[in-house]
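The values are calculated or read from the model by the stated rules, or taken from the named source; none is laboratory data. Treat the numbers as computed from the prediction; the structure is a model and nothing was measured. Every residue, glycine as well, gets a Cβ built from its backbone with ideal geometry; the counts of neighbours run over all protein chains shown. Surface areas here come from the heavy atoms of the whole protein model, side chains and all, with no ligands, DNA or RNA. Shrake-Rupley method; radii C 1.70, N 1.55, O 1.52, S 1.80 Å.
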Amino acid sequence: LVARSAAACRGLLLRLCLSGHCGKGPGMAAVAVVVLLLLAAIPAPSLALAPVLVVGGTGRVGGSAVRKLAEAGLRVDVGSRSTASFDDLARRLGPELQACVRHVPMDTGAPIAEVAAALRGYEVVVNTAGPFQYGTPTVLEACISNGNVAYVDVCDSIEVSREARKLAASARAANVSAVIAAGIWPGASSLLSSLLVERAGGPGNVANVEFSFHTGGTGGSGPTILSATFLILAEDALAFEGGSPAYYPSGSDAKLVDFGPALGRREVFRMNLIETESTGPNALGVSTVLARFGTAPIAWNRLLQATTLLPKPILRNRSLMQAFSIFSLPAVRFVDKFFGTQNGIRVDVTAKDGRCLSALAAHADMEDAVGVALSSFVTHAPSVAPGVWFPEEVPSRAYRQAVLEDVAATAITWRADGGDDAALRDA
């Protein structure tokens with residue numbers, strides 16, 4: 001808090017001096033210089049002063065974030081139940097990064113008091129312990145119980161996000177800044193949407209927003225992401241039409257979407273994706289929103305669509321879906337070798353004045369893209385105001401832009417209509 005206040009004072013005093021409002025004469029100038037030097041002695045907000053805790057950091061998503069944070073020179077504690085899974089992560093990281101990470105035994109399924117005790121003392125907590133479907137925001141509640149924490153998660157469950165947003169007032173009172181549904185998608189996808197909505201004149205001037213997502217194979221996903229996909233298929237796909245919710249069967253309403261030169265035209269179908277909630281009337285404020293997803297080969301799409309025909313109690317069984325994901329992982333990895341792990345995002349915004357704005361983002365490797373995006377959300381987290389925010393709701397425009405610039409740096413395709421930002425370009 002002191003560091004953030006000092007940074008704000010430095011910026012304000014410097015702007016006053018440059019604008020001539022610090023007074024005239026050498027005396028006032030000298031006073032201004034002395035004050036600036038004193039403020040400069042207080043370090044700027046930084047994550048380097050304490051380790052970042054990545055809960056669930058031994059999985060594919062968490063592990064990719066751990067790698068990128070460690071490569072940035074940060075110390076990272078990895079919270080998980082299994083020592084063996086941490087040892088496997090350490091081997092994947094290699095000897096140079098192993099010195100930057102350590103294991104912290106932790107069970108997010110324990111009572112909140114125990115989880116809070118395990119989180120105590122950390123300034124930044126990253127929650128990647130999925131799947132989030134049919135769960136509760138326990139780690140966020142534990143952070144609020146402790147107070148004075150920056151929190152980032154990769155929640156992809158609409159219901160859990162609604163429960164998390166109910167904690168906004170408690171988070172503000174506890175000085176907890178929480179960014180939920182961060183990463184590549186959700187996360188960067190939401191920021192692209194908010195950028196286009198802003199360029200269209202704001203939510204009130206937008207007729208509709210349409211999200212489309214593609215991954216080659218599974219995008220290099222681990223069993224947690226696979227099980228989350230099956231769990232989402234058990235849900236009807238939320239859309240908003242004129243401000244009212246509408247639900248469609250998952251796997252329905254397929255169409256071909258152009259993801260740009262790197263990925264080409266790909267089939268996508270409706271799924272219950274959290275961007276619909278975060279961009280819709282309950283958050284960003286757009287009245288009509290829908291989202292689709294697809295993968296390659298086309299046989300995977302047909303398999304996912306066929307999966308929706310299974311009885312809902314089976315698809316909603318977290319333990320069963322996790323076991324099935326682990327069982328199917330060897331076959332999935334084999335197919336990934338032939339169809340790659342590319343990742344594509346397309347956002348289409350239609351303004352009420354008839355303008356059509358689109359954003360395209362593609363990365364050669366989804367796992368790497370997730371790590372880059374999530375680590376960016378984390379490293380810029382000290383600038384986020386207390387509260388519980390979807391990415392597009394974060395008050396700081398500089399924060400949102402910084403994350404987009406980081407994600408754009410590793411993209412093979414990156415374009416957003418309606419502006420000439422240097423970082424938003426065809427790669």
**Request:** Can you pull the one-decimal nm distance between simple spin-label points at SER328 and GLU405, each 7 Å off the Cα toward Cβ?
**Result:** 4.1
**Asked** LYS312: which aspartates and glutamates have alpha carbons under 14 Å from its alpha carbon, excluding same-chain residues fewer than 8 sequence positions away?
**Response** GLU235, ASP236
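Write down the accessible area per residue of the range 282-409 in Å², having rolled a 1.4 Å probe over the full set of protein chains.
Values: 5350 Å² over 128 residues.
For the range 282-409, the solvent-accessible area averages 42 Å² per residue.
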**Request:** With r as the distance between the Cβ atoms of ALA84 and ALA246 and R0 = 45 Å, compute the FRET efficiency 1/(1 + (r/R0)^6) and round to 0.05.
**Result:** 0.50
**Asked** How about LYS352: which aspartates and glutamates have a C-alpha closer than 14 Å to its C-alpha, ignoring those fewer than 8 places off in the same chain?
**Response** GLU198
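For a protection proxy built on the mean count of beta-carbon atoms within 10 angstrom, sort 113-123, 380-390 highest first, please. Write out the running numbers ahead of the final one.
Numbers: 113-123: 16.8, 380-390: 20.8.
Order by mean packing, descending: 380-390, 113-123.
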**Asked** Sorted by mean Cβ packing within 10 Å, highest first, what order do the peptides 77-88, 240-251 take?
**Response** 77-88, 240-251
**Prompt:** Say the dipole of the range 109-233 comes from +1 at the beta carbon of Lys and Arg and -1 at that of Asp and Glu; which of VAL125, ASN146, SER212 then lies farthest toward its positive end?
**Reply:** ASN146
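Sort the following peptides by mean Cβ neighbour count (other Cβ atoms within 10 Å, averaged over residues), highest first: 131-142, 322-333. Can you show the working numbers first?
Details: 131-142: 21.9, 322-333: 14.5.
Peptide ranking by packing, descending: 131-142, 322-333.
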**Message:** Name the residue from ALA262, LEU231, TRP300 whose Cα lies farthest towards the positive end of the charge dipole of the range 227-354, charges +1 on Cβ of Lys and Arg and -1 on Cβ of Asp and Glu.
**Reply:** TRP300
**Prompt:** Under a point-charge model restricted to the Cβ atoms of Lys and Arg (+1) and Asp and Glu (-1), what is the dipole moment magnitude of the range 355-406 relative to its Cα centre, in debye to the nearest 20?
**Reply:** 320
**Message:** Taking the Cα centre as origin and putting +1 on Lys and Arg beta-carbons and -1 on Asp and Glu beta-carbons, what dipole magnitude results for the range 175-284, to the nearest 20 debye?
**Reply:** 240
**Prompt:** Considering only the range 303-418, what is the antiparallel percent among its DSSP beta bridges, to the nearest 5?
**Reply:** 90
**Message:** Under 5 Å between amide hydrogens, which residues at least 5 positions from SER250 or on another chain qualify, with H placed 1.01 Å from N in the peptide plane?
**Reply:** ALA237
**Complete:** To the nearest 20 debye, the range 225-312 has a Cα-centred charge dipole, built from +1 on Lys and Arg Cβ and -1 on Asp and Glu Cβ, of 280
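Gain in length, ARG318 to ASN175, computed as 0.36 nm per residue apart minus the alpha-carbon separation, to one decimal in nm?
Details: separation 143, 0.36 × 143 = 51.48 nm, distance 3.31 nm.
Length gained, ARG318 through ASN175: 48.2 nm.
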